[in-house]
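Asks: I'd like to ask you about the structure that follows.
The values are calculated or read from the model by the stated rules, or taken from the named source; none is laboratory data. Worth saying up front: this structure is predicted, and the values here are computed from it rather than measured. Note that each Cβ is placed from the backbone with ideal geometry, even for glycine, and that neighbours are counted across all protein chains shown. The area values use the complete protein model at the heavy-atom level, side chains included, leaving out ligands, DNA and RNA. Shrake-Rupley method; radii C 1.70, N 1.55, O 1.52, S 1.80 Å.
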Amino acid sequence: MQHVRAIAEWRRSASALRESGRTVALVPTMGALHAGHESLVAAARDRGDAVVLSVFVNPRQFNDADDLARYPRTPEADEEFARRAGVDVLVTPALAEMWPTGRATATTVNVGPLGELFEGVDRPGHFNGVASVVAKLLIVNGPGRLYLGEKDFQQLVLVRQMVHDLGFDVEVVGCPIVRESSGLALSSRNVRLSEAGREVARGFSRALARVSEPAAASVQRARLRASLEESGVDIAYVDVVDPTSLASARDDEVGERRALLAGYVEGVRLIDNGRLWVGR
Ligand code: PAF
């Protein structure tokens, strides 16, 4: 595995991989790597792609300085993890190269109104920060594929939109959520939960299991909400949306939609989502 830090060297490595005839996959991360990230690398390797994994804790997507300071940073473990997962190139760019003009004045990619919904309500500017960094990573990495998890479903939708709107020569691949056998979706935030908190957090997957039977969108929303409340989750939002436009499903709609859930457990903000059927 090659480990590069300088952007010019990263560009050269990705070009060399393409010249050798391989499709170059980018797996962007903020480190603290876990089995969820490993599944993205495995999906890329299964398709025969050369895998570039970036680790960069992007300050522009945090609007809370405390949250940024507390974000787990485990560089040695991440390097070992990437090596074992079969990554071809690990990239750990420096802040000064990623945002040379400073985080407050740097060019911003604005994802528009969808960035202000759901996760964007409590975290203004978050998705513009995500889009700005993903755009830069894609530009440096060059054409190929981009692997993202469905866990951050709104992020996946907005990045797809950005790639489409701005004409990146990149195929976006969304990969399924990785869960513990108990149903709890993997997240680097889970380490902040006590055993009792983890039990409450399992309420997200229990709620998703409650909507396996088709019903009108408003009935599905009510089932999800009741189930989360029963589990003791302090709900931030619950919705049933179109998986492409993120528009809330109406009661006259029929088809596959996405349930989006967010809430607090022991003060830790958690999200989850899943497919469901609305209508008959
Ligand atoms: O999902 C993440 O870890 C981050 O939002 C991403 C896509 C790496 C951009 O910083």
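Asks: Let me spell out the model: positive unit charges on the Cβ of Lys and Arg, negative unit charges on the Cβ of Asp and Glu, origin at the Cα centre of the range 5-86. What dipole size does that give, in debye rounded to 20?
Replies: On the way: 12 positive and 12 negative charges, 76 e Å.
Computed about the Cα centre, the dipole is about 360 debye.
Asks: Can you tell which of D251, D78, D239 shows the greatest fluctuation in a Gaussian network model of the chain with Cα springs below 10 Å?
Replies: Evaluated over the chain, the most mobile residue of the options is D251.
Asks: Using the Cα centre of the range 196-280 as the reference point, and only Cβ charges (+1 on K/R, -1 on D/E), how large is the resulting charge dipole? Debye, rounded to the nearest 20.
Replies: So the dipole magnitude of the range 196-280 works out to roughly 160 debye.
Asks: Quote the Stokes-Einstein diffusion coefficient, in whole µm² s⁻¹, for the range 1-104, based on the Kirkwood radius over alpha carbon pairs, a temperature of 10 °C and a viscosity of 1.306 mPa s. Each step should come with its number before you reach the end.
Replies: On the way: Rh = 14.5 Å.
Estimated via Stokes-Einstein, D reaches 110 µm²/s.
Asks: I've got another one for you. Once you place label points 7 Å from the Cα toward the Cβ at V219 and L114, how far apart are they in nm?
Replies: The two pseudo-label positions are separated by 2.9 nm.
Asks: Just the number, please: percent antiparallel of the DSSP beta bridges in the chain, rounded to the nearest 5.
Replies: Numbers: 20 of 41 bridges.
Beta bridges within the chain, antiparallel portion: roughly 50 percent.
Asks: Just the accessible area per residue of the chain, please: how many Å² with a 1.4 Å probe? The partial results should precede the final answer.
Replies: Working: 12820 Å² over 280 residues.
Heavy-atom SASA per residue in the chain reads 46 Å².
Asks: Same structure, new question: Stokes-Einstein at 37 °C, 0.692 mPa s, Kirkwood radius from Cα pairs: D for the range 144-280 in µm² s⁻¹? Mind showing how you got there, number by number?
Replies: Working: Rh = 15.6 Å.
Stokes-Einstein gives a translational diffusion coefficient of 210 µm²/s.
Asks: Give the carbon-plus-sulfur fraction of the accessible surface of the chain in %, rounded to a whole number; probe 1.4 Å, heavy atoms of protein chains only. Numbers along the way, then the final one.
Replies: Values: 6610 of 12820 Å².
In the chain, the share of accessible area belonging to carbon and sulfur is 52 percent.
Asks: What does the convex hull of the Cα atoms come to per residue for the chain, in Å³? Show your work: numbers first, answer last.
Replies: Details: hull volume 37.1 nm³, N = 280.
Dividing the Cα hull volume of the chain by its residue count gives 132 Å³.
Asks: Evaluate the charge dipole of the chain about its Cα centre and quote only its size in Debye, nearest 20, assuming +1 on the Cβ of each Lys and Arg and -1 on the Cβ of each Asp and Glu. Display every interim value, and only then the final one.
Replies: Numbers: 34 positive and 37 negative charges, 67 e Å.
Using only the charged Cβ atoms, the result is roughly 320 debye.
Asks: Okay, moving on. Once label points are set 7 Å from the Cα along Cα→Cβ at both L68 and R269, what is their separation, rounded to one decimal in nm?
Replies: Distance between label points: 1.5 nm.
Asks: Also, I was wondering about something else. In the Gaussian network model of the chain, springs joining C-alpha atoms below 10 Å, which of L224, L261, L17 carries the largest mean-square fluctuation?
Replies: Answer for the Gaussian network model of the chain: L17.
Asks: Residue by residue through the range 150-162, which ³J(HN,Hα) values in whole Hz follow from phi under the Karplus form 6.51 cos²θ - 1.76 cosθ + 1.60 (θ = phi - 60°), with glycine and proline marked x?
Replies: 6, 4, 8, 5, 5, 4, 4, 4, 5, 5, 4, 4, 4
Asks: Go ahead and run the numbers for FRET between R22 and A196, Cβ-Cβ distance against an R0 of 51 Å, rounding to 0.05. Provide the component values of the computation, followed by the final result.
Replies: Details: r = 47 Å, r/R0 = 0.93.
Given R0 = 51 Å and the Cβ-Cβ separation, E is 0.60.
Asks: Rounded to whole Hz and in sequence order, give me ³J(HN,Hα) for the range 248-253 from the Karplus expression 6.51 cos²θ - 1.76 cosθ + 1.60, θ = phi - 60°, writing x for Gly and Pro.
Replies: 4, 6, 8, 5, 8, 8
Asks: Running a GNM on the chain with Cα contacts under 10 Å, which residue among R223, R206, R84 ends up with the highest mean-square fluctuation?
Replies: R84
Asks: Then there's this: Post the alpha-carbon centroid distance, the range 26-85 to the range 102-173, in whole angstrom.
Replies: If you average the Cα positions of each part, the centres end up 16 Å apart.
Asks: Can you list residues from other chains, or at least 5 along the same chain, whose modelled amide H is less than 5 Å from the amide H of G31?
Replies: HN-HN under 5 Å from G31: F56.
Asks: Taking amide H positions as placed 1.01 Å from N in the peptide plane, with prolines and chain starts having none, which residues 5 or more places from G149, or on another chain, fall under 5 Å of its amide H?
Replies: For G149, whose amide H was placed from the backbone, the distant partners under 5 Å are C175.
Asks: Assuming R0 = 35 Å, can you tell me the calculated FRET efficiency for the pair Q2 and D169, based on Cβ-Cβ distance, to the nearest 0.05? Show your work: numbers first, answer last.
Replies: Numbers: r = 23 Å, r/R0 = 0.66.
It comes out at approximately 0.95.
Asks: Using the Karplus curve 6.51 cos²θ - 1.76 cosθ + 1.60 with θ = phi - 60°, what ³J(HN,Hα) values do you get for each residue of the range 97-102, in whole Hz, with x for Gly and Pro?
Replies: 8, 6, 10, x, 8, x
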